[in-house]
Every structure is written in C-alpha cells, then in structure tokens.
Amino acid sequence: MKKLAIALAAFALASPALAQNPPDATSVAFASIEASVESDLKKALAALESDDYAGATQLLRTASANANRLSLRAVTQKIAGVAPSFKPEDANFVLAQSSTLAFEDFLNRRDTVERRFEDDKGRIVTVRVFGEARDLSDFMFIKDDQAMLDKGGLEVAEMRGEPAIKRRGDNGELSVLMMSDGDDALIEVEGDSEDAVMAFIGDIEKNEKK
C-alpha cells in the first residue's frame, strides 16, 4: 500500500509538469503506466460495487504490480538527484539478476529498474533497484549468515548509514547491494572498478546529508 500511495502521488505531481514540458519517449512510457494504475483502480472499485470480487482482485494485482514498477523508478530518480557528479541515462525496466548475490537463486531474474550513470572522468556504474518483499528477506538472511557470506565471497559493510553487502570481481570489479529502508527496496551499484562504485556511493552519502 505504501508503494501504491507513492506511485499515485507521483502521478498527481507529474501531470501538471507533463502538460508544460513535452515528454520524451521514456516519460511517455512511464506516464502510460501511471494512467493504467489509475484506470485499474477505478475499474476495481466498480467491480467491488457490483460484487465482482474476482475481477476486483485481478485489477488490484495488476495495479499493484505497475505501482511497484513506478516506485522502483522513483528510487532511481531520487538517486539521480543526490549523485550530481554522475550523469544519468534513461531508466529501463528489465528482468535482471543481482550482480552481488550472484549465486543459487537469490535475486534471480527480478523485475527491476536499471539505470546507467557516468561522471566527467568516464567512470561508469550501473544501478538496479529491487523491491520485492522476498528480496529484502534474502538480503537480511545472507547478511546475517556467515556461511552464506563465505559461500558467495561476500563482505558486510555499511553504506548510507544502512547495511550493505559487497562482492569483488576477479578483475577489480565491485558490486554493492544496499538496504534502503525508507524505500522498502535494495539499491545495487555495479562497476568495473572499485573507484567508480565508491565515488558514486560517496556522492550519494555526501548529498543525502545536506
């Protein structure tokens, strides 16, 4: 319900702005999803009034799934706002696996939003946001289980004042999966170098405190 409320609030705030500024293709796609959420909620209420509980349930499930996608995108928008040293590309919906918990079936092929960021030094990171309830449960399970950490070659850390899990690659790559309790989500930052990833996270930490 929290994510649904966030998505509906975003829709209400975005409508005047869309009227004043011609949207690009990505904005049009997200606006279409916002409109679908609003339409499905209205149809669900009508179904409830006519005692069509099965129909209402299906409509609410669809609205909830789309609202969750909007919520994930809102997290990437917030990240872009507090990482001014890195220029964001368009956000995309993808089926992705976590690059941090890349073993067994943890965070495997999840519906997520992925976004690429680059700074003026050419450092590039990829950000993914995972928001399913089971993702948060998997994260907490692994973080607190030393055997699982050892199995995945993982390190526990603290980033942005919240728990994080780090995985280093064989060629200097780094992937960091961070809790974002206020968003009910996990934020993953992946890069070909530790320097790029830590610069990006440092940018966020510095500007979130302002």
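The values are calculated or read from the model by the stated rules, or taken from the named source; none is laboratory data. Bear in mind that the values here come from a model prediction, so they are computed numbers and not experimental data. The area values use the complete protein model at the heavy-atom level, side chains included, leaving out ligands, DNA and RNA. Shrake-Rupley method; radii C 1.70, N 1.55, O 1.52, S 1.80 Å.
Using the Karplus curve 6.51 cos²θ - 1.76 cosθ + 1.60 with θ = phi - 60°, what ³J(HN,Hα) values do you get for each residue of segment 56-72, in whole Hz, with x for Gly and Pro?
5, 4, 5, 5, 5, 4, 5, 4, 5, 4, 5, 5, 5, 5, 5, 5, 4
How tilted is helix 2-20 with respect to the longest principal axis of the chain? Cα atoms for both, answer in degrees (0 to 90, nearest 10).
Between helix and principal axis, roughly 80 degrees.
With all protein chains present, how much of the accessible area of the chain (probe radius 1.4 Å) comes from carbon and sulfur, to the nearest whole percent?
On the way: 5580 of 10930 Å².
Ligands and nucleic acids excluded, carbon and sulfur give 51 percent.
Please report, in whole Å³, the volume per residue of the convex hull around the C-alpha atoms of segment 136-209.
Values: hull volume 5.6 nm³, N = 74.
Output value, Cα hull per residue: 76 Å³.
Hey, can you grab everything whose amide H is under 5 Å from the amide H of Ala102? Only 5+ residues off in sequence or another chain; H modelled, so Pro and N-termini drop out.
Placed amide hydrogens put nothing under 5 Å from Ala102.
Accessible area per residue of the chain at 1.4 Å probe, in Å²?
Values: 10930 Å² over 210 residues.
Here the residues of the chain average 52 Å² of exposed surface.
HN-Hα J couplings of segment 129-134 from phi, Karplus 6.51/-1.76/1.60, θ = phi - 60°, integer Hz, Gly and Pro as x?
Values, residue by residue: 10, 10, x, 7, 4, 5 Hz.
Calculate how steeply helix 194-208 sits against the longest principal axis of the alpha-carbon atoms of the chain, using the helix alpha-carbon long axis, and give the answer as 0 to 90 degrees to the nearest 10.
So the inclination is approximately 50 degrees.
Say we join alpha carbon atoms closer than 10 Å with springs in a Gaussian network model of the chain; which of Glu114, Glu188, Glu38 then has the biggest fluctuation?
Glu38
What number does the chain give for Rg over Rh if you use C-alpha atoms and the Kirkwood radius?
On the way: Rg = 18.6 Å, Rh = 18.3 Å.
Rounded to two decimals, Rg/Rh equals 1.01.
Give a residue-ordered list of calculated ³J(HN,Hα) values for segment 104-110 (Karplus: 6.51 cos²θ - 1.76 cosθ + 1.60, θ = phi - 60°; whole Hz; x for Gly, Pro).
Each residue's phi maps through the Karplus curve to give 6, 10, 6, 6, 9, 6, 9 Hz.
Using the structure shown, select from Lys151/Lys209; Lys121/Lys209; Lys87/Lys206; Lys121/Lys166; Lys78/Lys166; Lys78/Lys151 the pairs with a Cα to Cα distance greater than 26 angstrom. Provide the component values of the computation, followed by the final result.
Working: Lys151/Lys209 35 Å; Lys121/Lys209 24 Å; Lys87/Lys206 16 Å; Lys121/Lys166 23 Å; Lys78/Lys166 22 Å; Lys78/Lys151 33 Å.
Too far apart for the 26 Å limit: Lys151/Lys209; Lys78/Lys151.
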